[in-house]
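Report on one structure; see the data block that follows.
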Amino acid sequence: MINLGTNRHFSGFTLIEVMIALTIIAISLGALLSTSGSQANNASYLKQKTLAHWVAVNELTQIRIGKEFPDVGDKKGSTSMAKHDWYWIRTTKKTEDKDALEVTFTVYADEDYQQNLTSLIGYATR
């Protein structure tokens, strides 16, 4: 309060108090925007990862219901799902059981096989 020698009292905020309040608000809003941007990126990544996992599950299921046993070794391929092309590498290995093979699908988001999103290990039996 300011007293100018009379009985009148003025109350209010000083310029310093207003500047401090504005600084706190600006810092808070900056942190909020950064957090919401990061959450949007995470949601997009999780969507891609989920779809890639579904691609791997579908490919493994195709082997299981197919009549032919896959060849041992690596095979590259691609699948289209949800308006996106997914690229995968299938690695097939022998197991101790001659009627079973270990099949690993590694799914990538890009044709250069650089952005690995998921891997799924399963077994194919005769």
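Is it the case that the range 91-102 has a residue that's modelled with pLDDT of 95 or more and of a type in the set (Ser, Thr, Tyr)? Within the range 91-102, one or more residues are modelled with pLDDT of 95 or more and of a type in the set (Ser, Thr, Tyr).
Does at least one position in the range 58-74 carry a residue that is of a type in the set (S, T, N, Q) and part of a strand (DSSP E or B)? No: zero hits.
Checked against the criterion of being surrounded by 11 or more Cβ atoms within 10 Å (Cβ to Cβ) and more than 21 Å from the chain's Cα centre (by Cα), the range 3-18 has at least one qualifying residue. Scanning the range 68-103 for residues that are at negative phi and aliphatic (A, V, I, L, M) returns Val72, Met81, Ile89, Ala100, Leu101, Val103. Determine whether Gly122 is surrounded by fewer than 16 Cβ atoms within 10 Å (Cβ to Cβ), among the small types (Gly, Ala, Ser), part of a strand (DSSP E or B) and touching a strand residue (DSSP E or B) at 6+ places or on another chain (Cβ under 7 Å). When the stated conditions are applied, Gly122 does not pass them. Name the residue that is surrounded by the fewest Cβ atoms within 10 Å (Cβ to Cβ), counting only residues in the range 76-114 that are among the small types (Gly, Ala, Ser) and within 18 Å of Arg64 (Cβ to Cβ). The selected residue is Gly77.
Checking the structure you have, find out if any residue of the range 41-51 is in contact (Cβ under 8 Å) with a residue 40 or more places away in the chain and in contact with a Leu (Cβ under 9 Å, 6 or more places away or on another chain). Yes: the range 41-51 contains one or more residues that are in contact (Cβ under 8 Å) with a residue 40 or more places away in the chain and in contact with a Leu (Cβ under 9 Å, 6 or more places away or on another chain).
The values are calculated or read from the model by the stated rules, or taken from the named source; none is laboratory data. Because the structure is a prediction, the values reported are computed rather than measured. Don't worry about glycine lacking a Cβ; one is built from the backbone with ideal geometry, like all the others, and counts go over all protein chains shown.
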